[in-house]
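Written out below as structure tokens is the structure these notes cover.
The values are calculated or read from the model by the stated rules, or taken from the named source; none is laboratory data. Since the model is a prediction, treat every value here as computed from it, not as a measurement. So basically every Cβ, Gly included, is an ideal-geometry build from the backbone, and we count neighbours across all protein chains shown. When the accessible area is computed, the model is the full protein with side chains, heavy atoms only, and any ligands, DNA or RNA have been set aside. Shrake-Rupley method; radii C 1.70, N 1.55, O 1.52, S 1.80 Å.
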Amino acid sequence: MKLKLIIALVALFILGTTGKMSAQSSETSMEKKIDAVFSGVTSPDAPGLAALVRKNGSAVFKRGYGVRALRSKAKIDARTNFRLASFTKQFTAMAIMLLVHDGKLRYDETLTEIFPDFPAYGKTIAVRNLLNHTSGLPDYEDLMDAAEKAKGPIWSPEKQIQDAEVFELLKKETNGKFAPGTSWAYSNSGYVVLGLIVAKVSGQSFGEFLHERIFVPLKMNHTILFQKGKNEVMDRAFGHSKDGDALKETDQSSTSATLGDGGIYSNLHELAKWDEALSNHALLSEKEFQLALTPVKLNDGSEPHWPKEANDDNLHPGKPVSYGFGWFLDAYQGRQRMWHTGSTVGFRSVIERFGEGWTVIILCNRTDLEPEKLALQVADLMFKEQERRR
């Protein structure tokens with residue numbers, strides 16, 4: 001009898017061990033497949049990327065590739081801080097939503113209500129229009145080009161345009177690109193203005209508000225809104241671009257000092273906390289945050305489209321677009337998705353959050369990489385494995 005019991009226990013142990021080994025083997029295999037997506041796109045001594053894959057709150061892959069800067073050769077890791085560029089917009093939108101939660105701001109409040117000296121064309125531009133890119137505000141880079149054609153060089157990587165200057169350029173205009181709510185055009189101008197609105201309404205600088213209401217509560221201790229001369233980025237990656245066959249440092253441009261549209265630096269370790277906070281509704285209730293995940297419709301009820309004219313901010317010319325507050329919401333392979341890319345001199349970034357609890361975050365310090373494409377390659381692997389296990 002005792003012998004039979006011992007044999008049964010040994011059998012159970014072997015089955016359990018085999019099950020664990022099989023699961024570990026599967027995980028190792030998936031790690032190798034994900035690593036294969038990234039390992040070929042850079043070399044150990046070149047600028048590269050940091051990649052994070054999470055499933056239901058746990059990291060299943062987290063790795064750095066390449067160096068933070070050619071001049072230092074310091075390796076990229078999970079705590080290397082990258083410029084997020086337009087990835088910043090989801091934080092700007094969250095700041096606005098927190099002010100609405102506080103009762104200090106309304107989504108239907110107009111530019112002229114908040115800034116009485118703004119021209120008449122701001123009377124019909126509401127905060128909601130700025131959040132979902134239906135404001136029709138002129139593009140500030142177009143206004144910069146026009147100003148420099150008339151007066152000669154004004155801005156440079158050393159003398160960067162500031163938010164207040166962007167606002168002054170917008171105030172000199174007499175009308176927008178289109179009547180608010182009648183069309184859709186991705187607007188960095190709108191998000192610069194949203195950062196200014198946060199400062200005006202809160203009585204704090206935009207950076208102070210982000211720090212106090214988002215970064216500190218989430219323990220994102222090394223995530224900052226970078227302002228040259230006012231703060232420093234720890235463990236910083238520097239941006240690089242291709243110059244012929246070589247890579248050269250291209251870390252700053254004349255527009256790198258604007259804030260609400262792209263000024264945050266962060267890293268994989270802390271963006272995992274952001275991803276967790278979004279899942280757990282740590283900053284806003286699920287009901288309050290649902291507005292951010294509601295695709296905008298135009299005034300006539302129709303679906304918006306990207307503009308037909310191609311440019312750097314036009315990812316899919318002429319195609320339908322689904323956008324909420326700081327998030328693209330287009331589905332992928334029939335799966336629910338919220339995502340955003342970031343693109344600026346020297347840097348590329350992406351966050352992809354899927355309905356099944358998967359998140360992919362990629363931060364690059366070279367502009368010849370395509371993080372959105374890489375993230376979707378990883379997503380394909382994950383979904384294929386998920387289907388195999390069912």
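For region 265-306, rounded, prolate or oblate, judged on the Cα gyration tensor with a ≥ b ≥ c (square roots of eigenvalues), a/c < 1.5 rounded, else prolate if a/b > b/c?
On the way: a/c = 4.77, a/b = 1.90, b/c = 2.50.
It comes out oblate by the Cα gyration axes.
Scan region 264-314 for GluC sites (Glu not before Pro) in coil per DSSP, keeping those whose Cβ has at most 16 other Cβ atoms within 10 Å, and list them by number. Before the final figure, lay out the partial values.
Working: sites: 270, 276, 286, 288, 309; in loops: 309.
Listed in order of number, the matching sites are 309.
Normalised by the number of residues in region 64-176, what is the relative contact order in percent for Cα pairs under 8 Å and 6+ residues apart? Let's see the in-between values first.
Details: 76 pairs, mean separation 20.2, N = 113.
This gives 18 percent for region 64-176.
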Can you give the Rg/Rh ratio of region 303-390, where Rg is from the C-alpha atoms and Rh is the Kirkwood radius? 0.99
If I ignore ligands, DNA and RNA and count only protein heavy atoms, how much of residue 294 is accessible to a 1.4 Å probe, in Å² to the nearest 10? 70 Å²
Enter the accessible area per residue of region 109-160 (Å², integer; probe 1.4 Å; all protein chains in place). 47 Å²
Classify the chain as rounded, prolate or oblate from the Cα gyration tensor: take a ≥ b ≥ c as the square roots of its eigenvalues, call it rounded if a/c is under 1.5, otherwise prolate when a/b beats b/c and oblate if not. prolate
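Per the 1.4 Å probe, what fraction of the accessible area of the chain, in percent, lies on carbon and sulfur atoms? Present the calculation step by step, with values, prior to reporting the outcome.
Values: 9770 of 18280 Å².
Looking at the chain in its full context, I get 53 percent from C and S.
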Counting other Cβ atoms within 10 Å of each Cβ, which trypsin sites (Lys or Arg not before Pro) in region 142-214 have at most 12 and sit in a DSSP loop? 159, 172
Between region 125-166 and region 198-247, how far is it from one alpha carbon centroid to the other, in angstrom? 20 Å
Anisotropy class of region 142-259 from Cα gyration tensor, a/c 1.5 cut: oblate
How big is the gap, in Å, between the Cα center of region 101-124 and the Cα center of region 273-291? 26 Å
Less than 13 Å Cβ to Cβ from residue 117, Lys/Arg counted +1 and Asp/Glu -1: what total charge do the surrounding residues give? +2
With -39,500 (n - 2.57) per DSSP H segment of 4 or more residues and division by the full residue count of the chain, the 222 nm estimate, nearest 500 deg cm²/dmol, is -11000 deg cm²/dmol
Give me the percent relative contact order of the chain, please, defined on Cα pairs under 8 angstrom at least 6 residues apart. 22 percent
